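Colleague: Let me begin by handing over the structure; questions about it come next.
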Amino acid sequence: MAEPDPVPVAPAAASSTEFSFRGGQLCCEAVALAALAQRFGTPLYVYSGAAMDRRLQTVRTAFGPGAHVCYAVKANSNLGVLRRMHAGGAGFDLVSGGELERLCAAGLPTAGAVFAGVAKEPWEIAAAVAADILFFNVESPHELPLLAAAGAAAGRRVRVALRLNPDVDAGTHAYISTGKKENKFGVALDRAGELVAAIRREPWLQLVGYHVHLGSQLQSVDPYVVAFERVATFVAASPLHAEGVTYYDLGGGFGIGYGKGPALDVAAVAAALLPRLAARGWRPVVEPGRFLVGDAGVLLTRVLGNKRQGETRFVLVDAAMNDLVRPALYQAEHPVTRVVPGAGSPQTVDVVGPVCETSDFLARRCLLPPCERGDLLAILAAGAYGASMASNYNTRRRPAEVLVDGDQVRLLRRRETFAAMFADEMPAADGGDGADGGEVVDA
Ligand code: LLP
């Protein structure tokens with residue numbers, strides 16, 4: 001009998017065609033999520049390789065062959081995900097020396113990487129200079145002498161782009177807005193001229209571009225255009241601002257739907273910016289994170305029980321805010337679905353974890369068919385800022401992560417062990433104080 005066509009996840013929640021109902025259960029590509037939960041346990045992050053590839057190609061096609069697409073490593077920094085992004089032609093957007101270490105650990109080239117951050121440490125700067133990354137995104141004056149000294153020590157000029165703060169309200173959650181004047185990021189346009197002059201005074205520094213990143217989860221094209229126009233006005237103010245500039249890094253921030261609508265139309269962002277860039281001979285750099293991996297991942301969790309308190313029905317699950325902190329931190333709403341659709345009329349429930357905080361919820365006021373202990377739920381659109389923000393709070397092991405490719409499954413990260421979690425807290429074998437724990441060190 002021919003297999004019935006896959007049915008997408010509830011239309012409103014459809015985040016990615018790679019997650020669909022086949023044979024009455026939710027699958028990632030050709031693999032049943034229930035089988036993965038059985039094999040690897042829960043909570044479990046499951047990623048679709050095809051979904052990542054598709055989104056990367058969407059961005060690359062939109063911005064064209066002249067653009068440099070840097071995947072924002074922070075969104076999902078698993079080494080396997082980084083390899084996948086590299087295979088699809090991406091460079092990398094870094095914000096720490098640790099993220100650079102990840103590229104090295106994954107055996108990936110660093111030449112196409114850019115490095116932003118308001119407070120880079122000297123060792124991070126030295127490592128990125130040694131790695132000869134494409135450019136640094138400079139955002140604080142104190143970085144300039146550090147960068148110049150690292151360049152002098154390495155005997156090479158350091159390429160820098162100046163991160164500007166154009167004071168644009170991108171309309172995102174306050175915690176993920178970065179382009180307003182009260183945010184710590186970038187350099188205000190009225191101070192940028194001084195920074196450009198300071199860069200030009202340093203023989204070991206070379207100004208190659210400007211950078212703007214307005215925030216995350218942007219839903220419209222306008223902020224990108226307004227920011228560009230403000231930067232263009234600044235650059236036009238003096239030939240010194242324009243000399244040698246070849247890159248315009250418009251940042252990331254491309255929003256996704258989270259079950260409420262379509263993702264940002266990146267082709268429209270490109271259509272608005274490319275002619276403006278071409279007119280100045282500037283090459284576009286983009287730094288998407290969420291757009292590339294958010295819809296490509298789900299967090300699988302098993303129902304531990306049900307509880308009713310006052311008017312609220314709680315579905316208690318084995319994933320928690322330590323596994324996915326976005327709902328607690330940003331009031332983010334992720335669609336939730338049962339992996340095997342249940343019978344019975346849907347009820348309004350709060351899906352909560354075992355962590356001892358009232359903010360430990362994965363979804364509030366969501367509609368689900370009655371759930372019983374043992375049922376599996378999928379928290380959708382959890383591929384970005386899920387695993388990469390996971391913690392050990394309440395001494396919970398961080399979840400395993402798997403990547404699906406058609407009918408193949410790769411374990412990208414084992415579930416953390418308690419031994420690994422405690423390893424750095426153990427008394428050193430040679431100097432430990434067994435009674436009190438901890439390592440005795442000279443003050
Ligand atoms: N470039 C820079 C300089 C950034 O700071 C960020 C994100 C990105 C690119 C990528 O932004 P995306 O394309 O992923 O929106 N944890 C929050 C998001 C924090 C974003 C921080 N910066 C969340 O879960 O919503």
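Colleague: For Val355, what is the net charge nearby, where nearby means another residue's Cβ is under 12 Å from its Cβ and Lys, Arg count +1, Asp, Glu -1?
Modeller: So the environment of Val355 carries a net charge of -3.
Colleague: Suppose we keep just the DSSP beta bridges with both residues in the range 267-355; what percent of those would be antiparallel, to 5?
Modeller: That works out to approximately 65 percent antiparallel.
Colleague: If you don't mind, another one. Calculate, in nm to one decimal, what Leu304 and Lys181 gain on full extension: separation in residues at 0.36 nm each, minus their alpha carbon distance.
Modeller: Difference between extended and current length: 39.7 nm.
Colleague: Determine how many Å³ per residue the convex hull of the Cα atoms of the range 49-291 encloses.
Modeller: Cα convex hull per residue, to the nearest whole number: 113 Å³.
Colleague: If you add up the charges near Ala50, with Lys and Arg at +1 and Asp and Glu at -1, over every other residue whose beta carbon is less than 12 angstrom from its beta carbon, what do you get?
Modeller: -3
Colleague: Antiparallel as a % of all DSSP beta bridges within the chain, to the nearest 5?
Modeller: Around 50 percent antiparallel, to the nearest 5.
Colleague: Helix by helix, which DSSP H runs in the chain go 18 Å or more along their axis at the Cα atoms and have an average Kyte-Doolittle hydropathy of -1.0 or more?
Modeller: Span-like helices in the chain: 49-63, 189-201, 222-236, 266-280.
Colleague: Further, regarding this structure: Let me know the volume per residue of the alpha-carbon convex hull for the range 27-147, in Å³.
Modeller: 125
Colleague: Moving to a separate point now. Which far-off residues, 5 or more places away or on another chain, put their amide H under 5 Å from the one on Asp375, with H placed in the peptide plane?
Modeller: The list, which skips near neighbours in sequence, is Val303.
Colleague: Would you kindly state how much longer the chain becomes between Arg276 and Ser20 on full extension, computed as 0.36 nm times their sequence separation minus their alpha carbon distance, in nm to one decimal?
Modeller: Full-extension gain reported as 88.2 nm.
Colleague: What's the FRET efficiency of Arg283 with Cys104 using the Cβ-Cβ distance as r and R₀ = 30 Å, to the nearest 0.05?
Modeller: With R0 = 30 Å, the Cβ-Cβ based efficiency is 0.70.
Colleague: Note down the nm distance, to one decimal, between modelled labels 7 Å out along Cα→Cβ at Glu311 and at Gln57.
Modeller: Distance between label points: 4.9 nm.
Colleague: Under 14 Å from a label point 7 Å along Cα→Cβ of Trp123: give me every residue in the range 79-115 with its amide N that close.
Modeller: Backbone N within reach: 96-102.
Colleague: Within the P(r) computed for the range 304-443, what percentage of the Cα pairs occupies the region above 27 Å?
Modeller: The calculated P(r) of the range 304-443 puts 36 percent of pairs beyond 27 Å.
Colleague: Say R0 is 25 Å: what FRET efficiency, to the nearest 0.05, do Cys356 and Tyr330 get from their beta-carbon distance?
Modeller: 0.75
Colleague: Quick one: Debye curve from the alpha-carbon atoms of the chain only, equal weights, vacuum; give me log10 I(q)/I(0) at q = 0.09, 0.12 Å⁻¹ to two decimals.
Modeller: -0.63, -1.03
Colleague: In nm, to one decimal, how far is the Glu229 label point from the Gln408 one, both placed 7 Å along Cα→Cβ?
Modeller: Each label point is offset 7 Å from its Cα along the Cβ direction, giving 4.9 nm.
Colleague: Computed over the Cα atoms, what is the radius of gyration of the range 150-250 divided by 2.2 N^0.38 Å, N being its residue count?
Modeller: 1.13
Colleague: Counting other C-beta atoms within 10 Å, which of Glu287, Glu124, Glu182, Glu416 has the fewest, and how do the rest follow?
Modeller: Glu182, Glu416, Glu124, Glu287
Colleague: Rank the residues Ile199, Ile256 as a footprinting-exposure proxy: fewest other Cβ atoms within 10 Å of their Cβ go first.
Modeller: Ordered from fewest to most neighbouring Cβ atoms within 10 Å, Ile199, Ile256 come out as Ile199, Ile256.
Colleague: Taking the inverse of the average 1/r across all pairs of different Cα atoms in the range 160-208, what Kirkwood radius in Å do you get?
Modeller: 11.9
Colleague: By count of other Cβ within 10 Å, fewest leading, how are Lys120, Lys180, Lys260 ordered?
Modeller: Lys260, Lys180, Lys120
Colleague: Average projected area of the Cα convex hull of the range 334-410, in nm²?
Modeller: 6.6
Colleague: Ala443 versus Ala153, label points 7 Å from Cα toward the beta carbon: distance in nm?
Modeller: About 3.2 nm separates the two model spin labels.
Colleague: Only bridges with both residues in the range 49-291 count here: give the DSSP antiparallel percent, nearest 5.
Modeller: About 5 percent, rounded to the nearest 5.
Colleague: Taking R0 as 22 Å, what's the FRET efficiency between Arg365 and Ser345 from their Cβ-Cβ distance, rounded to 0.05?
Modeller: Calculated transfer efficiency: 0.85.
Quick note: the coordinates plus some simple rules give every number you see, no bench work behind them. Keep in mind that what you see is a predicted model, and the values were worked out from it rather than measured. Glycine gets a Cβ as well: all are built from the backbone with ideal geometry, and neighbour counts include every protein chain shown.
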